[in-house]
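First up is the structure itself, then whatever we jot down about it.
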Amino acid sequence: MENIGSTLTLSEARRKLKKEQQQLLKKRFFSNYSMVIGLIIVIFLMLLSFVGPYLTSFGPLDLEVNNRLQAPNAEHLLGTDNFGRDLLTRIVFGARASISVGLSIAIITSIVGLTIGLYASFYKRLDQILMRICDGLMAIPGILLAIALMAALGPKVENVIIALSIVFTPYVARIVRSAALVVREQTYIEAMKAQGASSTRIIWLHVAPNILSPLIVQATFIFADSIITEAALSFLGAGIPAPAPSWGNILYDGKLVIFNAWWMTVFPGLLIIIAVIGLNSLGDGLRDIMDPHYKKVTKKRTKSIKGKEEIVG
């Protein structure tokens, strides 16, 4: 009877502890305004890109030459472009293209960067080769490297994803390698090696799960950077080929009539700003939740800087 009572008490204590942990996690989440705002913006953009196209009565390539460069009105809520196409429809379809490209790049760079960083941290000879390649790619400005790759591959959506994945993968690999070097020095990793566990088992079952936090945070920043870079490539004519709608292509068309049709540059530019702010806010919030130590260190540095400024003042 005593064993049954103690077992019930232990199970109740575990349930209570699990419930308290869930409440604490919810409290930390909703108290992090940066993450909440960023998540709301990201959800809005996802709905806009994947649901919005079904709510418009126009097609992204429908031409109405007689209605070209119309200001926002009841029929065309955001106006029309220089070919008479409905701007709202093109922005919505452009959101789908830009977000799909950014999400694909974030996923690919996370997987490839994780693999490169993990193996570079465990094998010294491989580390010298892979990190020198990453250093060489990082030495070239990202936009110039992307333009050069697009010139070699050709203007296609798939090639944009490949080119930008090559541009951003070295940054992810560097971050993963740094985190993995810290984890591999932990005592339990040494114990696994002493027990004869293979390097592959240690890398993927014990090291990789413990470095997912910085990887996820970096993926959100890569997502935002990919949207900006894709828009820049399309604006320069080296990205998603026209007349396919993307935010960069809409800005390219709008630059020719910027003084006569301000709506062609303001609305897509505003959405790019909102997307980048939302993703960066989400990344900052995730970093604060997944790595509370970083937040404490940042606060201490901020206080010390303010104290020095007061002394100097």
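Rule-based calculations on the coordinates, nothing more; no lab input. On a predicted model such as this, the values are computed, not experimentally measured, just so you know. With ideal geometry, Cβ positions are generated from the backbone for all residues, glycine too; neighbour counts draw on all protein chains shown.
Data overview
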{"read-out": "Most to least packed among 197-210, 9-22, 115-128 [average Cβ atoms within 10 Å]", "value": "115-128, 197-210, 9-22"}
{"read-out": "Kyte-Doolittle mean at least 0.0 and Cα axial length at least 20 Å: DSSP H helices in the chain", "value": "33-50, 87-122, 124-139, 157-183, 212-235, 263-290"}
{"read-out": "Per-peptide average of other Cβ atoms within 10 Å, ordering 57-65, 221-229, 275-283 highest first", "value": "221-229, 275-283, 57-65"}
{"read-out": "Neighbour net charge for residue 63 - beta-carbon separation under 11 angstrom, K R +1, D E -1", "value": "-2"}
{"read-out": "Lysine pairs within the range 35-312, Cα separation less than 19 Å, 8 or more sequence positions apart or different chains", "value": "7"}
{"read-out": "Local net charge near residue 117, Cβ-Cβ under 11 Å (Lys/Arg +1, Asp/Glu -1)", "value": "+1"}
{"read-out": "Local net charge near residue 131, Cβ-Cβ under 14 Å (Lys/Arg +1, Asp/Glu -1)", "value": "+3"}
{"read-out": "Residue exposure sequence - 43, 175, 240 - by fewest surrounding Cβ within 10 Å", "value": "43, 175, 240"}
{"read-out": "Added length on full extension, which subtracts the Cα-Cα distance from 0.36 nm per residue, residue 30 to residue 15", "value": "3.1 nm"}
